[in-house]
Amino acid sequence: ACGQGNVMKEYRRQWGGRTAVDVLMPKQGSSAILWRDKRFLMDAKGLKRVHQLYLLRLIEQINPTSVLEVGCGTGLNLFVMAANFPEINFSGIELTSEGVEGALAVQRMATLPSEIASFSPLPPKDLLAHRHISFQQASAANLPFEPGSFDLVFSCQALEQMKAVSDLAISQIRRVTRRGAVMIEPFSDYNVDQIRRHRIRSQAYFDASVADLASFDLKPAFICDDIPAKIAMGVAVIAAAAV
């Protein structure tokens, strides 16, 4: 994952011919998870639900009218968010055409698929809201929006794959948000032990620190690292205000 060309190739393969429903299909395999003093096994969908619950609660507190997800894949996060907050205008950008095509395939469905509705950490309020999300193919390094287009911009382990363009991506996030950003990412502050540092370096993953956000005029207002994460790579939830 050392360059955006490799990232594009990997995610074209991952999203090709798949939708958010396919992403939720049971599959074998799980990851070793660390939370507080506990170690256990969990699949990627379990971690995704934890992240979504944080996003839902933060959106409740921030109360935005417009929200952009950077690196939305096939749209799973946005489908859940829109179903819970049908009054908000949601948008998503995805690097690959395959991801956008997968999102649009679900969006064309008359009602939100039951697999996605039941995956939501909170009971969804509107099973038609998915039809109003705006999906667009674009790079996080060059967001196709005017300055201050969104109240809130969020990423959920998407910057993780953007080491080559991470400064550009964060700069673009700051440019298009009016109020702030939420990032659930592997900030270096939470990957200080040798195993985690080695994995992030070997995979060329995102490694910015929380303090680095100040140089992009983003001021952390909420930080939580007390969440389950893979033993090999820690993540934190950072909500930062635009300054």
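Okay, here's what the table says:
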item: Estimated FRET transfer efficiency when R0 is 22 angstrom, pair S134-R12 (beta carbons, to 0.05); result: 0.55
item: Full-stretch length increase - Q28, A110 - with 0.36 nm per residue and alpha-carbon distance subtracted; result: 26.5 nm
item: Full-extension gain in nm, R39 to A221, via 0.36 nm per residue minus C-alpha separation; result: 62.6 nm
item: Approximate spin-label separation N89-A117, in nm, with each point projected 7 Å along Cα-to-Cβ; result: 2.7 nm
item: Charge dipole (region 117-231, unit charges on Cβ, about Cα centre) - positive-most of P123, S134, F154; result: S134
item: Cut-off under 5 Å, modelled amide H: who pairs with G73 long-range; result: L95
item: Percentage relative contact order, the chain, counting C-alpha pairs under 8 Å, at least six apart; result: 21 percent
item: Distance between modelled label sites at A211 and K125, nm, 7 Å Cα→Cβ extension; result: 4.1 nm
item: Where the chain is the region considered: accessible area per residue in Å², 1.4 Å probe; result: 47 Å²
item: Accessible area of the chain belonging to carbon and sulfur atoms, whole % at 1.4 Å probe; result: 52 percent
item: Above-threshold pairs, the threshold being 31 Å between Cα atoms, out of K9/K219; K9/K48; K9/K125; K48/K125; K9/K38; result: K9/K219; K9/K125; K9/K38
item: Relative packing of peptides 14-23, 190-199 - highest average C-beta neighbours within 10 Å first; result: 14-23, 190-199
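The values are calculated or read from the model by the stated rules, or taken from the named source; none is laboratory data. The model shown is predicted, which means the values in this text are computed figures rather than measured ones. Note: ideal-geometry Cβ built from the backbone for every residue, glycine included; neighbour counts use all protein chains shown. The accessibility values were calculated without ligands, DNA or RNA, using every heavy atom of the protein model including side chains. Shrake-Rupley method; radii C 1.70, N 1.55, O 1.52, S 1.80 Å.
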